[in-house]
Amino acid sequence: MSGAGTLDAWVGRMIGVARLPTRDDIDAYQLRCLNETVAHARSHSPFYRWRADWPEPFHLRGFGDLARLPLTTADDLARSDPSLIALPMRDAARLVTIPTSGTSGPPKRLFFTEADIEATVAYFEHGMATIVRPGSRVAIAFPAVRPDSVGDLLTRGLSRIGTFPEALPVDGSVDTLVAALRELQPTAIAGMPVTLGAAARRMAVDGGPPLRIETALVSADSVSPSFKTALAVIWGTEVFEHWGMTETGYGGALACAAHDGLHLRETELYAEIIDAATGRVLPDGCDGEIVITTLRRRGLPLIRYRTGDSGSIAEIPCRCGSVLRRLRLGGRMAEAIPLGEGKRLPREIIDDAIFSVEGVIDFSVELRPARRPCLVVDIVAADPRATGEVRSALLGHPVCGPMLRAAEIDIAVGMASGTRLALCRKRRVIVSHDVT
Ligand SMILES: [Zn+2]
């Protein structure tokens, strides 16, 4: 693997080098963009202009200098007073409001210009070109009806590379979704893990003809090894992970054929990993919170924005030959189950254990307090016998089992009431009472 199947050639064109870019080319581009972004934000955005903790004068000579600037948080984005917006409102092509997870506080507000939206469509275009072939029928299992929604932007990007994207019904039942997939017979699919996992597992047991889907782009939620295995077995699918959030302009980082980390979207984002407790920048290879700075956004630049996601930057070059830096993802830091004594069980581990049971298509999990706390798991599955298998899978999982036993947490597994799933959402982890 080298060159082909990577985003490097496109990145080279984007940053103005007429060949495959070297790491030095990308570093020079990013440093230049960081200085421009910081200067623009400081002079045009009330939030950055009025920050008292801003060193003055400020110019980055190297990436290490960025750590002298203060971090920006989801609360800053939600409070929006002073506003982070650095252009007149008439330049907004799209305003996005997203609820702040886990709080009853005001929603986060994002501001995108036409140029920001075009940058995302171009990223989806060139990113998807590495994982789908021209002529492919690509099923879009993200909401795609609203203009500039993720599904819409992905559809626009895919249309530019000679593929045939088609939106699936993701606001109804699994059976509706499965029927649409059988009719479309796609060769590739894009969606959230819970959506694709539900469709694949329903198909595996419904007695219909098998479907072969070569590749899947999976985004907006963590992807467990057992999910990848299920898609490989049921559809013969190679799963490519993508990481992104509204704050990153939807696109953020994409897996390559080596499947060893996700290559960052380095034309638009500079990523740092920090110690979440101290704010200190961590070296490559160390796990911490992912912090991003936007490189070209002028409407609402984000400088050292704490994403709330954990991960590390890979230390060694990728086997695919790309020079783009890679993220190794941890998960949403807020979505771990506190087990007491500072120990936390990541939701990604619970996903891995529960989705290893065939026939489970979705679940919710809640930690209920008591003298002996109980992990209440409600599963969606065709066969009620899966409840016993889920309990065994949680206790038998090499990470999850020992942690639950050591914390003396009981497990109660039941069938979820109702048959309709919220297909396009992340699984929720609820902690009724903080037991830390
Ligand atoms: Zn790679």
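The values are calculated or read from the model by the stated rules, or taken from the named source; none is laboratory data. Please read these numbers as outputs of a predicted model, since none were measured by experiment. Counting neighbours? That spans all protein chains shown, and the Cβs are built from the backbone with ideal geometry, glycine included. When the accessible area is computed, the model is the full protein with side chains, heavy atoms only, and any ligands, DNA or RNA have been set aside. Shrake-Rupley method; radii C 1.70, N 1.55, O 1.52, S 1.80 Å.
For the range 356-365, residues that are more than 15 Å from S417 (Cα to Cα) and open to solvent by 20 Å² or more (accessible area, probe 1.4 Å) total 3. All of A276, A271 fail the test of being in the same structural domain as S312 (by TED's automatic domain parsing) and within 16 Å of the ligand (Cβ to nearest atom), apart from A271.
When the range 319-352 is filtered for residues that are within 16 Å of L264 (Cβ to Cβ) and either of a type in the set (K, R) or in a helix (DSSP H, G or I) (or both), the ones remaining, listed by number, are R325, R326, R328. A Cβ distance below 6 Å, combined with a sequence gap of six or more or placement on separate chains, defines the contacts here; from the range 245-265, residues that are touching a residue at least 12 places away in the same chain (Cβ under 8 Å) reach residues that are more than 15 Å from the ligand (Cβ to nearest atom) and open to solvent by 10 Å² or more (accessible area, probe 1.4 Å) in the pairs T246/V96; T246/I98; G249/D116; Y250/V150; Y250/G244; G251/G244; G252/G244. Can you tell me which residue among A386, A370, A381 is open to solvent by less than 10 Å² (accessible area, probe 1.4 Å), farther than 30 Å from S83 by Cβ and either among the small types (G, A, S) or within 16 Å of the ligand (Cβ to nearest atom) (or both)? So the residue among A386, A370, A381 that is open to solvent by less than 10 Å² (accessible area, probe 1.4 Å), farther than 30 Å from S83 by Cβ and either among the small types (G, A, S) or within 16 Å of the ligand (Cβ to nearest atom) (or both) is A386. Return yes or no: is T100 open to solvent by less than 80 Å² (accessible area, probe 1.4 Å), at pLDDT 95 or above and among the β-branched types (V, I, T)? No; evaluated as a whole, the condition is false for this residue. The single residue among S173, S159 that is in contact with a Lys or Arg (Cβ under 9 Å, 6 or more places away or on another chain) and either among the small types (G, A, S) or under 20 Å from M192 (Cβ atoms) (or both) turns out to be S173.
Residues that are under 21 Å from L184 (Cβ atoms) and either within 15 Å of the ligand (Cβ to nearest atom) or in contact with a Phe, Trp or Tyr (Cβ under 6 Å, 6 or more places away or on another chain) (or both) do occur in the range 214-227, at least one of them.
Every condition in (1) out of contact with any helix residue (DSSP H, G or I) (no Cβ under 8 Å at 6 or more places or on another chain); (2) open to solvent by less than 30 Å² (accessible area, probe 1.4 Å); (3) part of a strand (DSSP E or B) holds for L95 except the one numbered (2).
The requirement of being within 16 Å of the ligand (Cβ to nearest atom) and either open to solvent by 10 Å² or more (accessible area, probe 1.4 Å) or on the phi > 0 side of the Ramachandran plot (or both) is satisfied by R328. Report yes if S312 is surrounded by 22 or more Cβ atoms within 10 Å (Cβ to Cβ) and within 16 Å of the ligand (Cβ to nearest atom), otherwise no. Against the criterion (surrounded by 22 or more Cβ atoms within 10 Å (Cβ to Cβ) and within 16 Å of the ligand (Cβ to nearest atom)), S312 does not qualify.
Name every residue in the range 52-92 that is of a type in the set (K, R) and either touching a residue at least 12 places away in the same chain (Cβ under 8 Å) or in a helix (DSSP H, G or I) (or both), in order of residue number. Scanning the range 52-92 gives R68, R79, R90. Condition test on C286, is it in contact (Cβ under 8 Å) with a residue 12 or more places away in the chain, out of contact with any His (no Cβ under 6 Å at 6 or more places or on another chain), within 16 Å of the ligand (Cβ to nearest atom) and in the same structural domain as Q30 (by TED's automatic domain parsing)? Criteria not met by C286.
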